[in-house]
1. Under a 10 Å cutoff between Cα atoms, tell me which one of Glu237, Glu207, Glu129 has the largest fluctuation in the Gaussian network model of the chain.
2. Once amide H atoms are placed 1.01 Å from N in the peptide plane, what residues at a sequence separation of 5 or more from Glu263, or on another chain, have their amide H within under 5 Å of its amide H?
3. Which one, Thr159, Asn36, Ile26, is farthest towards the positive end of the dipole of the chain when Lys and Arg carry +1 and Asp and Glu -1 on their Cβ?
4. Given N residues in segment 95-210, what is Rg(Cα) / (2.2 N^0.38 Å)?
5. Give the relative contact order (percent, whole number) for the chain; include only Cα pairs under 8 Å separated by 6+ residues.
6. Stokes-Einstein diffusion coefficient for the chain at 10 °C in a medium of 1.306 mPa s, Rh from the Kirkwood formula over Cα pairs: what value in µm²/s?
7. Between Leu238 and residues 5 or more places away or on another chain, which pairs have amide H atoms under 5 Å apart, with H built 1.01 Å from N, and which residues are they?
8. Stokes-Einstein at 25 °C, 0.890 mPa s, Kirkwood radius from Cα pairs: D for segment 121-180 in µm² s⁻¹?
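Coordinate-derived values only; no laboratory data. Note that this is a predicted model, so its numbers are computed, not measured. Glycine also receives a Cβ, built like all others from the backbone with ideal geometry; neighbour counts cover every protein chain displayed.
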Amino acid sequence: MTDHAMSPGPAVHQNIDTSVPHSARIWNYWLGGKDNYPVDEKAGDAYSAVFPGIVTIARSSRAFLRRTLTYLVTEEGIRQFLDVGTGLPTVNNTHEVAQRLAPEARVVYVDHDPLVLAHARALLTSTPEGATSYVDADLSDPDRILAAAAETLDLTRPTALILSNILGHVADYDQAHDTVIRLVDGLPSGSYLSINDGSRGTDADYEQAQDAYNETGAVPYFLRPVDEIAAFFDGLELLDPGVVSVPLWRPDPTSPTPEPIGEHGGLARKP
């Protein structure tokens with residue numbers, strides 16, 4: 001077993017199946033984290049053997065999150081964040097980025113996974129001025145998510161909804177689209193929606209690797225055409241440059257010119 005930085009309690013550990021690769025643990029492995037098992041490393045290595053670019057995608061996704069959070073805090077004054085499908089803690093988690101810039105920021109993480117729950121204490125840290133909490137809820141239950149989030153956030157004030165690499169786990173597109181609408185409907189005018197997900201139609205090797213991964217028995221993740229990712233923002237005011245490959249979303253001007261990858265995202269404001 002990989003040396004864990006955080007060890008789950010015995011009762012929760014019994015609910016974790018270490019014989020089947022787990023998407024959150026594999027993602028953690030690609031990001032350089034330690035909260036994974038040999039089965040996850042094997043699956044992650046098999047994936048990257050077909051498509052080495054997956055590590056770049058994982059890390060570019062996290063960099064996109066950091067840039068959007070920085071913009072929201074520094075340019076729009078957002079101080080409330082609802083991060084649904086947070087996965088395992090790694091580096092530059094939502095509360096770390098937001099509270100580093102605004103110590104009073106309040107963050108609610110949402111996930112429905114025994115492994116993430118076991119490590120929730122790593123997320124339940126906060127500056128004295130702010131707040132961070134964890135909600136055990138499924139993406140398919142937006143009403144529960146919003147009700148639970150309201151215990152920490154004031155949902156009459158603008159809030160940023162973060163959906164990072166989570167909608168691809170919903171096989172039915174109409175269901176995923178409806179979930180986004182219901183979550184956004186629960187937020188006031190002036191709130192923001194940040195989405196990024198793996199995109200189909202950009203790299204054949206990526207699609208082959210993802211299709212093979214979906215056959216391993218792990219929870220599948222479905223790549224979507226860029227126009228379907230863009231449609232999640234229907235009715236909202238997309239910020240420039242729109243829905244683009246994530247390295248191209250307001251890149252650091254001091255860094256080398258980024259190359260596009262098979263991960264698209266955007267940020268939009270609720271009118």
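1. Of Glu237, Glu207, Glu129, the most mobile in the Gaussian network model is Glu129.
2. Result for Glu263 returns Ser199, Val246.
3. Thr159
4. Numbers: Rg = 15.6 Å, N = 116, 2.2 N^0.38 = 13.4 Å.
Normalised Rg, Cα atoms only: 1.17.
5. 18 percent
6. D, rounded to a whole number, is 85 µm²/s.
7. Excluding prolines and chain starts, which carry no amide H, the hits are Arg269.
8. Rounded to a whole number, D works out at 184 µm²/s.
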